[in-house]
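Engineer: Let me give you the structure first, and then I'll get to my questions.
The values are calculated or read from the model by the stated rules, or taken from the named source; none is laboratory data. Just so it is clear, the structure is predicted and the values come from calculations on it, not from any experiment. A quick note on method: Cβ atoms are made from the backbone with ideal geometry, for glycine too, and the neighbour counts reach across all protein chains shown. Calculation scope for accessible area: heavy atoms of the full protein, side chains included, ligands and nucleic acids excluded. Shrake-Rupley method; radii C 1.70, N 1.55, O 1.52, S 1.80 Å.
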Amino acid sequence: MERNNRKTNRIHSLLLVLTALIWGTAFTAQSAGGDVVGPYTFNSIRSLIGAAVLLPVIRLSDRMQLTKHRPVTKGDRRMLLAGGTACGIALAAGSNLQQLGLYFGSSAGKAGFLTACYMLIVPVLGLFLHKKCGWNVWAGIVAAVIGLYLLCIRGDFRVEFSDLLLLLCAFVFALHILIIDYFVEKVDGVRMSCLQFLVCGLISAVPMCFADMRHAAGGIAGWTQALLGPDAWIPILYAGVLSCGAGYTLQIVGQQGVNPTVASLLLSMESVFSVLAGWVILGEALQGREILGCVLIFGAVMFAQLPLSGDGAPD
């Protein structure tokens, strides 16, 4: 029984690593799409596409009787609605705070580092929810934060207003992980993922009207013109189908049975895959400190996955 649990845990951990890989390789598309059509437009449309992509998946899963926790009663549907709404609000707040941090001048590297600080916030918040983790996980988190610093930060590190927005973004993403952890065993994960994208897309459409469209005829005309070109739709579709439809759904499925702190550590590998994708695809050179940062993060993830016995065992 214990061996089966460990095998299931490894599978879910691999799903979270695959999620980080998808997010890391999709980072270029997200940056490019936001520059063309505006950050809120990009977040709104890609989220709605993510919701639409999952509709046939839900139907096929039901037909093949693969759905776990399919809602049957009114209580089931209320639980699903609560989970999807809560996740969608957190996702919209976190992603748009990240965009604001970038808009107010934070570099992409610093944004990646500060956002990934949810690794530190998740276990602290988890203590209040009786989500304990072993000493090896805490050690892995410290090593991963050092690795992320080496990987992302260049030059002086000064805290500015944009950085505070990104720290708030990290706090929200930590809440997002804990919300998923609360609902994931109670509802169908794919349905909850579909609902969270719908909620995120609708919420992001509000600032889209005022910031990206500028709430004026001239702004709407320019916004419409930007949406007509392939430079907008290629990254939107890529991020909508892969980053949203596949990535966030894999996150929800992968978090089943995985300690949320370990999940946050696995998902932080997004930064590593983003750098490696730039090296492989774009031919970007890797400095020695970046290589050391990648090694530290990979080592931290492996160390945190080691099974412990006794009181220090992960929950």
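Engineer: Given labels modelled 7 Å from the Cα in the Cβ direction, how far is it in nm from residue 303 to residue 55?
Structural biologist: 4.8 nm
Engineer: Averaged per residue, what accessible surface does region 1-305 expose to a 1.4 Å probe, in Å²?
Structural biologist: The answer is 48 Å² per residue.
Engineer: Oh, and also: Towards the positive end of the charge dipole of region 168-269, with charges on Cβ (+1 Lys, Arg; -1 Asp, Glu), say which of 170, 195, 261 has the farthest Cα.
Structural biologist: 195
Engineer: Return the subset of 74/186; 131/186; 68/132 for which the Cα-Cα distance in this structure is over 23 Å, preserving the input order.
Structural biologist: 68/132
Engineer: Determine the relative contact order of region 1-305: mean sequence separation of Cα pairs under 8 Å and six or more apart, normalised by residue count, in whole percent.
Structural biologist: Across region 1-305, relative contact order equals 43 percent.
Engineer: Normalized C-alpha radius of gyration of region 1-305, against 2.2 N^0.38 Å?
Structural biologist: This ratio for region 1-305 stands at 0.99.
Engineer: What FRET efficiency, computed as 1/(1 + (r/R0)^6) with R0 = 41 Å and r the Cβ-Cβ distance, is obtained for residue 66 and residue 234, rounded to the nearest 0.05?
Structural biologist: Once rounded, the FRET efficiency stands at 0.85.
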